[in-house]
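Data block below; observations after.
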Amino acid sequence: MVKFLAFIGFLALVIAIAAAGYFFGGFYSVAATAAEPAIVKSALIQVRQASIARQAKGVPAMPPEDANTVRAGARAYSDRGCVNCHGAPGVSWAKWSEGLQPDPPDLKKVADQRQPNELFWVIKHGIKMTGMPSFGAAGASDDDIWKITTFVKRMATVSAEDYKSWTTP
């Protein structure tokens, strides 16, 4: 049994050294045009989802929403440039955002998969290595971030006409 455990330890050490050589030796391509190996992509997704869920636990509950909050959130979403990467009702995202890796999510499709506190946390703190900035660090107040969160949660039900009327000065 001791020899078996020593062999497992040896294999783990060899794998760790090989992985370090692969990543720190420059063999792993950081180019946005290079596809992620499936295991890396899967690991990054799992780490991101687990981190968001854990970090967002301390976020207070979403304030009550009303139509004015959704409208104000649409304006803040537009003014802060969220539409450039994520699109909006009746508005496609900017062409340059197609070069981001990973691709920015279509919030109309994924907002229902996240709790409001998780969306708030992501908008406030951003996500490393994705191009998602921290709007809290960029000066957005918690109130504005909650408005954006409210709009994102309702985005799938907002018509293109309403979005345009809410965001046109």
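The values are calculated or read from the model by the stated rules, or taken from the named source; none is laboratory data. Keep in mind the model is a prediction, meaning the values are calculated, not measured. Backbone-built Cβ (ideal geometry, glycine too); neighbour counts: all protein chains shown. Calculation scope for accessible area: heavy atoms of the full protein, side chains included, ligands and nucleic acids excluded. Shrake-Rupley method; radii C 1.70, N 1.55, O 1.52, S 1.80 Å.
Residue-level check: of (1) modelled with pLDDT under 95; (2) open to solvent by 20 Å² or more (accessible area, probe 1.4 Å), Ala111 misses just (2). For Pro89, the requirement of being modelled with pLDDT of 95 or more, under 27 Å from Pro37 (Cα atoms) and surrounded by 14 or more Cβ atoms within 10 Å (Cβ to Cβ) is not met. Please work out if Gly99 is in contact with a strand residue (DSSP E or B) (Cβ under 6 Å, 6 or more places away or on another chain) and either closer than 23 Å to Val30 by Cβ or open to solvent by less than 70 Å² (accessible area, probe 1.4 Å) (or both). So Gly99 does not fit the description; no.
All of Pro37, Pro63, Pro89, Pro104 fail the test of being in contact with a His (Cβ under 7 Å, 6 or more places away or on another chain) and either over 29 Å from Ser141 (Cα atoms) or of a type outside the set (Gly, Ala, Ser) (or both), apart from Pro104.
Screening Val83 with (1) aliphatic (A, V, I, L, M); (2) surrounded by fewer than 14 Cβ atoms within 10 Å (Cβ to Cβ); (3) free of Cβ contacts under 8 Å to residues at least 12 places away in the same chain gives one miss only, at (2). Note on region 1-40: among residues that are within 30 Å of Gln101 (Cβ to Cβ), assigned to a helix (DSSP H, G or I) and among the β-branched types (Val, Ile, Thr), the one that is most open to solvent (accessible area, probe 1.4 Å) is Ile39.
Within region 111-136, being among the aliphatic types (A, V, I, L, M) and more than 15 Å from Ile148 (Cα to Cα) holds for Ile127, Met129.
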